[in-house]
Each structure stands twice: as C-alpha cells, then as structure tokens.
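Read the structure below first, then the notes.
The values are calculated or read from the model by the stated rules, or taken from the named source; none is laboratory data. These numbers were taken from a predicted model, which means no experiment stands behind them. Methodologically, a virtual Cβ is constructed for each residue, glycine included, from the backbone with ideal geometry; neighbour enumeration extends over all protein chains shown.
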Amino acid sequence: MEKVKIVSIVGPTASGKTSLSIAVAKEFNGEIISADSMQIYKEMNIATAKPTPDEMCGVTHHLMDFVNPEDEYSVANFVEDAKQVINEITSRGKLPILVGGTGLYVDSLLKNIQFTEYKVDVQLRKKLLEKTSDELLKKLYEVDRESYEKLSIEKNHKRIARALEIYFQTGKPKSLVDKEALAAESPYSPIKIGLNASKREYLYEKINKRVDIMAENGLLDEAKKILSLNLSPTASKAIGYKEFIPYFENRDTLENCKELLKRETRRYAKRQLTWFKRDKQINWLYIDEINEREIQKRAFEIISKGLNNG
C-alpha cells in the first residue's frame, strides 16, 4: 500500500505554527487541517488564536469553527473527520498539512489509532469513582496486571477507574484494548516539523504578549459570552475564559486574572512540549535562533526532501 504523504506542523502555543503552515500551503499547493481541540468550536475565536480570514491568506482550512460549544467532540470524532478530509484533499491533487498543538489529535491520526466506541455507563462510572484508589487498584491487579503496574505508581484516581470501566464494558483489559488500537498500520507517511524556542523565557514572553493583544482585541467580551453558554465538558476546558470568572464575580482584579491566564497558558505550553518531545521523528526549528524567513526556508527543504523520498 502506497502511503499518503502528509506534512505535520506542531509545537507549543504562540510558536508561529499558523504563519508557517500558510507559507507551506502556498509553496506546496496544500490545504490545512487544524489539529487544535479548541479551534473546532464556533464563537471561540480570540482565546483559541483562531486565524482570521485575512491571516488565512486564501488558503483552505478544515476542521475549524464547525462544532457548537455546547456539543461534545472526541478524539475519535476528529480522527474520523480528518481521514475523510485528507482523502478529499489528496483527490484534488493537493498536499494535506496537519497543523496544531493538540498532541493527542496529531498522534491518534498519524498512528492510525483504532477507537473502540461504547456508550458511557454513568452508573458504573459513578460506582467506581466512589471507591478509593487502593480499592480500585486491588481489583485492577486481578484483571489487568499490566495497567496496574503503570497506574499504581501515579495513583491517578480517575485513570484507575477508567481502566476498570473499560474492562467491565469490553470484557478486555485496558492494556489489551490499547495494543489493539495500535495494531492497524498507518496509511500515512508524515513529514514532521516542530517549532520551539531554545530558551523557554523567549517563548513565555511571546505568550505573555499574545495574552495582552487578545485582551486588547476583545477577549473579555468573548469570555463573557462563552461562559454564559451551557458548555460541553471538552469546551469548558478551554484556556482563556474561566480565568476571568473571579473578575466577573467581583472577586479579583482584571490585571490579576490576566496574569492567571498568562500563567495557565505557559503551563499548557510546557505540557505541549513534554508531549511532542517524545516523538523523535520531529524536525525541530527554533524561533529564537533563526528569523521567520529562515524558518520557512528550512521547513521547505525538509518537506521537499520528504516528498521526494519514496
């Protein structure tokens, strides 16, 4: 089976993925697929740094701005939708370019992870969560020794309960379900580029400035509107809205809430980097060492080489 060539541009928030991806799309006749778990939502624009029509420069973007904030959308939904979009892009003779900072979305698609769909048993989940971690671990030791070895170290109550929930619903240990999910060969041959800063302070300063610009561009009004909605569990995790609740409730100053948002965004960037650093196939480019034009030049070279190999 001939694998589909796909460019993947990843990295932490505020690292310049949007501008690089648009330059790549123009150079290689591509279309962009967003791999951002918050940019999928309608009306969540400023906080998610969703590119404006002007910033898109006429390049077609997919899987962005199409889900209501009240609706749930899972990684399994994303993989299914992204596969369909990739088929459409390649059928037009264009290059698919996957862009975003949600590592779970990126890896699940590129590794072709197979998701087992089953309905959530609310009563079962509640029953499991009512037990202590030690009680759950005792049961997990009996039914799934491999998961027990991993989860007994960190003792994350929800993850232990989740492992047992999967066992009771599928009749299979979670460790086996995970292996089966990875068993299918991926139809993609990705060319991976990552953006980062060699000095963490440089990235953090860009994040701080971005938050200030967002505030100037109407983030507060957007936050008020989004917080008034009946948000889905996933949408409610978005950074950029809940941080202003103390201000809206007259419990804290606007400045303090902005500082909280900056801190939460920096922490998120750190988590993103921890995720992506595990992937040894990523070609890293450092935004504090070379200018934007040089980053584009090097990215073009990496992509050209990848497209011409095999």
Worksheet item: So which of Ser108, Ser74, Ser133 is under 29 Å from Lys224 (Cβ atoms) and among the hydroxyl-bearing types (Ser, Thr, Tyr)?
Response: Ser74
Worksheet item: Listed residues Ile290, Ile282, Ile303; which is touching a strand residue (DSSP E or B) at 6+ places or on another chain (Cβ under 6 Å), closer than 24 Å to Ala49 by Cα and in the same structural domain as Glu27 (by TED's automatic domain parsing)?
Response: Ile282
Worksheet item: Looking only at segment 127-145, which residues are in a helix (DSSP H, G or I), out of contact with any Phe, Trp or Tyr (no Cβ under 6 Å at 6 or more places or on another chain) and surrounded by 15 or more Cβ atoms within 10 Å (Cβ to Cβ)?
Response: Leu128, Ser133, Leu136, Leu137, Lys139
Fill in: Qualifying positions in segment 105-127 - free of Cβ contacts under 8 Å to residues at least 40 places away in the same chain and of a type outside the set (S, T, N, Q)
Lys119, Val120, Val122, Lys126, Lys127
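Of everything in segment 239-293, what is closer than 21 Å to Val99 by Cβ and acidic (Asp, Glu)? Give them in sequence order.
Asp279, Asp288, Glu292
Matching residues to (1) in contact (Cβ under 8 Å) with a residue 60 or more places away in the chain; (2) surrounded by fewer than 19 Cβ atoms within 10 Å (Cβ to Cβ):
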residue: Lys174; (1), (2): no, no
residue: Glu180; (1), (2): yes, yes
residue: Glu185; (1), (2): yes, yes
residue: Lys224; (1), (2): no, yes
residue: Leu227; (1), (2): no, yes
residue: Asn230; (1), (2): yes, yes
residue: Ala235; (1), (2): yes, no
residue: Ile245; (1), (2): no, yes
Worksheet item: Checking Tyr268 against (1) hydroxyl-bearing (Ser, Thr, Tyr); (2) touching a residue at least 60 places away in the same chain (Cβ under 8 Å); (3) surrounded by fewer than 14 Cβ atoms within 10 Å (Cβ to Cβ), which single condition isn't satisfied?
Response: (3)
Discussion item. Out of Arg298, Arg266, I need the residue that is part of a helix (DSSP H, G or I), at pLDDT 95 or above and within 23 Å of Ala49 (Cβ to Cβ). Which one?
Written reply: Arg266
Item to complete: Residue by residue through segment 71-91, note down the ones that are touching a residue at least 40 places away in the same chain (Cβ under 8 Å) and over 23 Å from Ser232 (Cβ atoms).
Response: Ile86, Ile89, Thr90
Item to complete: Taking Ile213 as meeting all but one of (1) of a type in the set (A, V, I, L, M); (2) loosely packed, with under 14 Cβ neighbours inside 10 Å; (3) part of a loop (DSSP other than H, G, I, E, B), write down the number of the exception.
Response: (3)
Worksheet item: Looking at (1) modelled with pLDDT under 95; (2) surrounded by 17 or more Cβ atoms within 10 Å (Cβ to Cβ); (3) among the polar types (S, T, N, Q), can you tell me which one Asn308 breaks?
Response: (2)
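Determine whether segment 170-181 contains at least one residue that is modelled with pLDDT of 90 or more and either part of a helix (DSSP H, G or I) or outside the structural domain of Phe300 (by TED's automatic domain parsing) (or both). Can you show your working first?
Of segment 170-181, the ones modelled with pLDDT of 90 or more are none.
No, every residue in segment 170-181 fails to be modelled with pLDDT of 90 or more and either part of a helix (DSSP H, G or I) or outside the structural domain of Phe300 (by TED's automatic domain parsing) (or both).
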Practice prompt. Have a look at Ile213, Ile191 and point out the one that is at pLDDT 95 or above and within 22 Å of the chain's Cα centre (by Cα).
Written response: Ile191
Response to the item:
Considering only strands (runs of 3 or more DSSP E) wholly within segment 1-108, the ones with at least 3 residues that are touching a Ser or Thr at 6+ places or on another chain (Cβ under 8 Å) and surrounded by 15 or more Cβ atoms within 10 Å (Cβ to Cβ) are 4-10, 95-99
Worksheet item: Of the residues Glu154, Glu205, which single one is under 30 Å from Glu301 (Cβ atoms) and free of Cβ contacts under 8 Å to residues at least 40 places away in the same chain?
Response: Glu205
Practice prompt. Residue by residue through segment 126-164, note down the ones that are under 27 Å from Leu110 (Cβ atoms) and under 25 Å from the mean Cα position of the chain (by Cα).
Written response: Ser147, Lys150, Leu151, Glu154, Asn156, Lys158, Arg159, Arg162, Ala163
Response to the item:
By residue number, the members of segment 115-126 that are in contact with a helix residue (DSSP H, G or I) (Cβ under 9 Å, 6 or more places away or on another chain), surrounded by fewer than 15 Cβ atoms within 10 Å (Cβ to Cβ) and part of a helix (DSSP H, G or I) are Leu124
